[in-house]
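Read the structure below first, then the notes.
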Amino acid sequence: MKFKYRYFFLLFFFVCMISQAQEKNSGNDSVKVYKNIEKISKKSKFNKFIYKLLFKAKRVETTSQKNTRKKFLIKKTFDRNEGKIVREIKIETLDPFGYSVDNYKDEPNKGFEKFGNSLHLKTKNWTIRNLLLFRKNHPLDSIAVKESERLIRRQRYIRSVIIKPIEIPNSTDSVDVSVRVLDSWTLVPTGAISGSKGRFDLIERNFFGLGHEIENDFSRRFEDGKRAYTARYTINNIKDTYIKTTLTYDNDLNDNVTRSVKLERQFFSPLTRLAYGVYLENRFYVDSLPDNNAVFANQDFKLETQQYWIGHSFKIFRGRTEDYRSTNLVTTFGYKTVNYKEKPSLVYDPSQFIASEKLYLATIGFNTRKFSEDKYLFNFGTIEDVPYGKVYSITGGFQDKNNKRRTYFGGRFAFGDYIPIGYVGINIEMGSFFDNHISQETTLRVEANYFTNLLSIGSWRVRQFIMPTLVIGSHRAPIITDRVTVNEQKGITGFDNPLINGTRKFFTTFQTQTYVPGNWHGFHFSPFFTTSLGVLGNETDRTFNGKVYSIFSLGVLINNDYLVFNSFQISFSFYPSIPFQGSNVFKTNTFKNDDLSLPDFQIGEPTIVPYN
């Protein structure tokens, strides 16, 4: 590595370490270095510019008059009791059938409701208590309460939650807090069968009311009787640490085996100060690669992966408002090692792209993360938390691979917020390795999310989603595994052949999601129509190669008031053409509603820009 690169990264790590050291001498509210930035921002044009980069005027909420009235009353009660000592936290968990969090008079009165509740184990009170960010005998903090409500609602085994203060008669300095939680039915059996194979999945998202998740998937191929099995056990929150632990074992129909352990504490809230993670994986799989004559042959891969990272989030502003408390300076450090025990020969990988490596990265950046409550997005009528905010970050480090050290540098900008015609979010990332001033494996990735305001057609409700993605790679390795396709996790499902690839791609998804009024025995129906279009290109193409890959899907999302969200889905897809398969192809259940996602304004484990 050249001296200038060593100097740059020494300086980079030095700045990060100073930031870490300053936290030790800081007060409870902010990092000492930044404690006067609010006042300074009013005196300096530059600081005013930085302030405007991070903040904007608070958007106007558009909710129904009934919900607005309820939220106003709760907020008014919080304002009146802000700072009072929490004397007692009263937690009540409810069975999924017949109850309501906001109506104490609702009780199960039907036979199937009582029978379903008798089979259900309610969430333990201490499971909910461990999710709370406020504590007994501490001052009431309405922002921490609001975040606690969001974090509880995020759990897949919870249908809804309301947290509100309960005033104590004749007390001026104390208050009680009520936490009322409505469970979902969490035992979810699913499956599928075709002429070639069958699959059965069984998921329990709230094992014995502990918040643990157990997933078991069984598959069998009819032709040769081959079986596959996947088991996953997840502890979503160890005690009250928000450490999530996942154990996974997967053995597929081709005898590819993966064993992994993941332990991670993310920046789960803007109020979180410390985050870290550990990931260990042992994997064996077989994949097909071409030689110089484009003749494919199966190759054995056996590798072990270890990843470790740690990060700290520093509060910048001293103020107690949500804007100030949701804006942070974040530094993270990561180390990753991949050790190949078996890999392809030079005939199939002449550039040794597939090789053992060690990767050292650090990220520093500013982010603002807030959440807005909305409805009728991916679920039917339940409150969903939509993230909005900004991210400015840079990532740097180096990689040891094939007895060579390369530096890495990348940056990220992300923005999301509601605008008059809906919600828009954008995430832009660019990164590259450098070897002797020459860029290698450069990636530019641009992703956008847009959805309209909730529209009405008669008594039906409608939203339109648009999600484009652009990925451009340059100076990529000369091997098929270092290419983008339209069939990755964020692509167009169905184009499975590895020969459908390139060094750049652009695709977009248009989805019209409707919500039918009323319900049938608690089931709500949300028909949708989706179109996905994609193009590929190589470095020899000026832009793209002109071939358009497309899929048209029509389906219905079926939700139930009592069950885990997105429980059932039926879809039919039409492909005008699939290379190497044919034309006018019909398939079922190729598109999933959870293929749609919202942006994330978290700065977490430092990584290179994904090229897929």
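What the table below lists for this structure:
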read-out: Residue that is farthest from residue 575 (Cα to Cα), among those in the stretch 516-547 that are outside any loop (DSSP other than H, G, I, E, B) and either among the basic types (Lys, Arg) or at pLDDT below 90 (or both); value: 520
read-out: Some residue of the stretch 454-461 being polar (S, T, N, Q), part of a strand (DSSP E or B), under 30 Å from residue 361 (Cβ atoms) and assigned by TED's automatic domain parsing to the domain that holds residue 577; value: no
read-out: Hey, residue 128 over 26 Å from residue 323 (Cα atoms), aliphatic (A, V, I, L, M) and either crowded, with 20+ Cβ neighbours inside 10 Å or over 22 Å from the mean Cα position of the chain (by Cα) (or both) or not; value: yes
read-out: Residue in the stretch 197-239 that is nearest to the chain's Cα centre (by Cα), counting only those that are in a loop (DSSP other than H, G, I, E, B) and surrounded by 14 or more Cβ atoms within 10 Å (Cβ to Cβ); value: 236
read-out: Search result, residues across the stretch 108-125 that are surrounded by 13 or more Cβ atoms within 10 Å (Cβ to Cβ), in a loop (DSSP other than H, G, I, E, B) and out of contact with any strand residue (DSSP E or B) (no Cβ under 8 Å at 6 or more places or on another chain); value: 108
read-out: Given (1) in contact with a Phe, Trp or Tyr (Cβ under 8 Å, 6 or more places away or on another chain); (2) closer than 28 Å to residue 211 by Cβ, index of the condition residue 303 fails; value: (2)
read-out: First in the stretch 516-538 and closer than 20 Å to residue 96 by Cα, second anywhere and crowded, with 20+ Cβ neighbours inside 10 Å and among the hydrophobic types (A, V, I, L, M, F, W, C), Cβ under 6 Å, 6 or more apart; value: 524/380
read-out: Residue that is nearest to residue 478 (Cα to Cα) [pool: residues in the stretch 281-305 that are touching a residue at least 24 places away in the same chain (Cβ under 8 Å) and among the hydrophobic types (A, V, I, L, M, F, W, C)]; value: 289
read-out: Yes/no for residue 407 being among the polar types (S, T, N, Q) and within 21 Å of the chain's Cα centre (by Cα); value: no
read-out: Filter result for residue 383 (within 29 Å of residue 464 (Cα to Cα) and among the hydrophobic types (A, V, I, L, M, F, W, C)); value: yes
read-out: Checking residue 459 against (1) closer than 30 Å to residue 185 by Cα; (2) in contact with a strand residue (DSSP E or B) (Cβ under 7 Å, 6 or more places away or on another chain), the condition it does not meet; value: (2)
read-out: From the options 599, 610, residue that is under 15 Å from the mean Cα position of the chain (by Cα), modelled with pLDDT of 80 or more and surrounded by 19 or more Cβ atoms within 10 Å (Cβ to Cβ); value: 599
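Residues are listed down the side, and each one gets a yes or a no for (1) part of a strand (DSSP E or B); (2) surrounded by 15 or more Cβ atoms within 10 Å (Cβ to Cβ):
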| position | (1), (2) |
| --- | --- |
| 245 | yes, yes |
| 269 | no, yes |
| 284 | yes, yes |
| 287 | yes, yes |
| 306 | yes, no |
| 313 | yes, yes |
| 335 | yes, yes |
| 345 | no, no |
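The values are calculated or read from the model by the stated rules, or taken from the named source; none is laboratory data. Only a predicted model underlies this, so the values are computations on that prediction, with no experimental measurement involved. All Cβ positions, even for glycine, are placed from backbone atoms using ideal geometry, and neighbour counts span all protein chains on display.
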